[in-house]
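As structure tokens, the structure follows; a few thoughts come after it.
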Amino acid sequence: MDVVQLILFIFPAYAANAAPVLFAGRTPIDMGQQLGDKRRLFGKGKTIRGFIAGVAAGTLTGVILATFVPEFLIHVPFNDKLLFSFLLSLGAMTGDLIGSFVKRRWGMESGRESLVMDKILFAITALILAFPIYNGKIPLEAIDIIVLLILTFILHVAFNRIAHLLKLKKVPW
Ligand code: CTP
Ligand code: MG
């Protein structure tokens, strides 16, 4: 798959990952709960509203792509494109939570930077959760996944810097 096809393919996950920055809530998913290490389960940065906004934004992005961009998941039925977008978004937000969980266990404060947990994990979990939908229908090879993860890393760095310059994010990562 070429780079444009790859980015189109993963795009709902990007939308999901970006939305919580704009639609952050107050109530944290972990409700302030701590584990035995006296650290939060996920931390104050992971809110219920942010999670729901991420899944909704990613799914909505998929609806728009499925309706207006024929190259998005070409040869996949329309309803499966929507289901794909939903699962991809749910996977992205779940990976985001797993990343926070790991960061807290490593003793990192909320908002601290982790290259893998912040910038790559969400794409991996998104691809895993949506796998049953695109498996056998989209010719995603090992090299495509590697290119996709590298692209995701670069785009994540770029967009978070822009979001910081626009004062949407406190930190540039
Ligand atoms: N956000 C949210 N709900 C989520 C994910 C993110 O409200 N489920 C919002 C929060 O305002 C968060 C911001 O988006 O501070 C940036 O998200 P992110 O960088 O993923 O989280 P961090 O605050 O850096 O927390 P962590 O260290 O746990 O990754
Ligand atoms: Mg962060």
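Amide H contacts of residue 46: 29, each under 5 Å away and 5 or more positions distant or on a separate chain (H built 1.01 Å from N in the peptide plane; Pro and chain starts excluded). Rg and Dmax over the alpha-carbon atoms of the range 82-156 stand at 13.3, 41 Å. For the range 14-110, with equal point scatterers placed on the C-alpha atoms only and solvent neglected, what are the log10 I(q)/I(0) values from the Debye formula at q = 0.15, 0.20, 0.22, 0.26 1/Å, to two decimals? Log10 of I(q)/I(0), two decimals: -0.62, -0.88, -0.99, -1.22. With contacts taken as Cα pairs under 8 Å and at least 6 residues apart, the chain reaches a relative contact order of 23 percent. Considered as an equivalent ellipsoid built on the Cα gyration tensor, the chain has semi-axes of 28, 16, 16 Å, the largest given first. Pairs of lysines in the chain whose Cα atoms sit within less than 13 Å of one another amount to 4, provided the residues are eight or more positions apart or on different chains. As a rough guide to protection, the peptides 23-32, 80-89, 10-19 ranked by mean Cβ packing within 10 Å, highest first, stand as 10-19, 80-89, 23-32.
Between the beta carbons of residue 147 and residue 110, assuming R0 = 30 Å, the FRET efficiency works out to 0.45 to the nearest 0.05. In the chain, the longest principal axis of the Cα atoms and the axis of helix 142-165 are about 50 degrees apart. If R0 is 45 Å, the Cβ-Cβ spacing of residue 35 and residue 158 corresponds to a FRET efficiency of close to 0.85. Applying the Karplus relation 6.51 cos²θ - 1.76 cosθ + 1.60 with θ = phi - 60° to the range 51-68 yields 3J(HN,Hα) values of 5, 5, 4, x, 5, 5, 5, x, 5, 4, 4, x, 4, 5, 4, 4, 7, 10 Hz, where x marks Gly and Pro. In the chain, helical runs assigned H by DSSP with n ≥ 4 each contribute -39500 (n - 2.57); averaged across all residues and rounded to the nearest 500, the mean residue ellipticity at 222 nm is -22000 deg cm²/dmol. What's the angle, to the nearest 10 degrees (0 to 90), between helix 121-134's Cα axis and the longest principal axis of the chain? Between the helix axis and the principal axis of the chain, the angle is about 30 degrees.
Taken together, the values in this text are just the output of simple stated rules run on the coordinates, not laboratory data. Computed from a predicted structure; not experimentally measured. Backbone-built Cβ (ideal geometry, glycine too); neighbour counts: all protein chains shown.
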